[in-house]
Amino acid sequence: MSEQQHRSKSGFETRAIHAGYAPDPMTGAVIPPIYATSTYKQDGVGGLRGGYEYSRTGNPTRAALEGNLAALEEGEAGFAFASGLAAEDTLVRTLCRPGDHVVLPNDAYGGTFRLFDKVEAAWGLVHDPAPAADLDAVRAAIRPGETRLVWVETPTNPLLGIGDIEALAGIAHDAGALLVVDNTFASPYLQQPLTLGADVVVHSTTKYCGGHSDVVGGALVVKDLELAEQLAFHQNSLGAVAGPFDAWLVLRGLKTLAVRMDRHCDNAERVVAFLSDHPQVTEVFYPGLPDHPGHEIAARQMRRFGGIVSFRVAGGEQRALDVCARAEVFTLGESLGGVESLIEHPGRMTHASVAGTDLEVPADLVRLSVGIETADDLLADLDRALGGAGG
Ligand SMILES: Cc1ncc(COP(=O)(O)O)c(C=O)c1O
């Protein structure tokens, strides 16, 4: 089957395993080699083999990953970066100019907020927060003629809010802006924003795409070829590209994304049911809960509800910190999306940079990245961390 057929006709799992690379014609290698090379021999001046001239501009291992990501997101072109934030910065500098305005989610990932608030702001970019779940608030935050991007995460980090991608795309386009969706939490297996009208998908591939907590990376995927050309120019000009080793790790991770995500979701559902009945837990945030305000939209635009669960602990911040400290199978650490379960206190850790702003998170909040260990062990660990008495 040709590469093109893999992209257009095959199921998600088949694309995850085959898209972006065909076995090497010389050796038959079924997995792309790690092309640890900075430059390429030319057949006479300008006689490039396969278009490769210098590895910032293009590298075959990175190209395999970029093709795979484009196929999984049902886009036309993918771009791999050294980190999620490097991808975001390259995107902003491709699409925005000093004086432009951006609407950000009011509970964006802290590092994304910091990028806009401390770095892009100094460069002349203006931003306003709006809850992605509130379409009227997003509409109101738009400055006609100035807003260039409407940026959303769905589900959001760490409160698992849900934005209606199709409706948000309509609002952004009516205002002459583009819709950017950070799809890190859902992964391309659970949600494909480009098929719902989004213009750009952002990933921290550090998370579910890589899936094994062994690489930091980022990606952009687009469907518009003109935008793809501009991004390729800026990716090369800014140079924050994924190296070949890192690209190879993310590509390997993507091959098992579907099976990992299904197990993440299975385990998260068990954890949610357990926490919902626990006397030491005052609130559980998970879009799979029927009373979650975004449940219906999530059910429409996501295959399942993901592996991230947040909850509030009775007794305030110190109790939440104690839970984080006592957990053992859940490792205390930042990041998410790896096979191992992680626990963290967003207020003091991932979201410390938004303290004192509109994006501040509750002090008694704990976030879990539910891994793919044995579910009973995860429940027992949480029960112990919460001080027992759970179901
Ligand atoms: C939703 C989301 N977007 C973007 C990023 C930034 O990605 P990276 O850490 O790979 O730069 C993160 C990191 O945690 C994230 O959670």
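Quick note: the coordinates plus some simple rules give every number you see, no bench work behind them. Predicted model, so just to flag it, every value in this text is computed and none were measured. Cβ atoms come from the backbone with ideal geometry, glycine included; neighbour counts cover every protein chain shown.
Could you pull out every residue, at least 5 positions away or on a different chain, whose amide H is within less than 5 Å of the one on Asp182? Hs are placed 1.01 Å off N in the peptide plane, and Pro or chain starts have none.
It is Val152, Glu153, Thr154, Val202, by chain and number.
Please report the base-10 log of the normalised intensity I(q)/I(0) for the range 278-391, using a Debye sum with one equal scatterer per alpha carbon and no solvent, at each q in 0.21 (1/Å).
Relative scattering, expressed as log10 I(q)/I(0), comes to -1.26.
Please state the shape class of the range 201-240: rounded when a/c is under 1.5, otherwise prolate if a/b exceeds b/c and oblate if not, all from the C-alpha gyration tensor.
Judged from the Cα gyration tensor, the range 201-240 comes out oblate (a/c at least 1.5, b/c at or above a/b).
Any chance you could check the Cα centroid distance between the range 108-142 and the range 268-327 for me, in angstrom?
One Cα centre to the other: 25 Å.
For the range 81-88, what does the Karplus curve 6.51 cos²θ - 1.76 cosθ + 1.60, with θ = phi - 60°, yield as ³J(HN,Hα) per residue in whole Hz, taken in order and with x for Gly and Pro?
10, 5, 6, x, 5, 5, 5, 5
If you plug each phi of the range 247-253 into the Karplus form 6.51 cos²θ - 1.76 cosθ + 1.60 with θ = phi - 60°, what whole-Hz ³J(HN,Hα) values come out, in order, with x for Gly and Pro?
Going residue by residue, I get 4, 5, 5, 5, 4, 4, x Hz, with x marking Gly and Pro.
Can you put His278, His264 in order, fewest other beta carbons within 10 Å first?
With the sparsest Cβ surroundings first, the list reads His278, His264.
Whose amide H sits under 5 Å from the amide H of Ala130, counting only residues 5 or more places off or on another chain, with H placed in the peptide plane?
Excluding prolines and chain starts, which carry no amide H, the hits are Leu104, Asn106.
List the residues whose amide H sits under 5 Å from the amide H of Val281, counting only those 5 or more places along or on another chain, with H placed 1.01 Å from N in the peptide plane.
So Val281 has HN proximity to Ala314.
Using +1 on the beta carbon of Lys and Arg, -1 on that of Asp and Glu, and nothing else charged, what's the dipole of the chain about the Cα centre, debye to 20?
Value, rounded to 20: 900 debye.
Can you give the translational diffusion coefficient of the chain in µm²/s, computed by Stokes-Einstein from the Kirkwood radius over Cα pairs at 25 °C and 0.890 mPa s?
115
Radius of gyration and Dmax for the range 1-136's Cα atoms, expressed in Å?
19.4, 59
Sort Glu153, Glu166 by Cβ crowding within 10 Å, fewest neighbours at the top.
Ascending number of Cβ neighbours within 10 Å: Glu166, Glu153.
Under the Kirkwood approximation applied to all pairs of distinct alpha-carbon atoms, what is the hydrodynamic radius of the range 64-131 in Å?
That comes to 13.2 Å for the range 64-131.
Provide the per-residue ³J(HN,Hα) series for the range 172-181, in order, calculated from phi with Karplus coefficients 6.51, -1.76, 1.60 and θ = phi - 60°, each as a whole number of Hz, with x at glycine and proline positions.
After applying 6.51 cos²θ - 1.76 cosθ + 1.60, I find 4, 5, 4, 8, x, 9, 9, 9, 10, 10 Hz.
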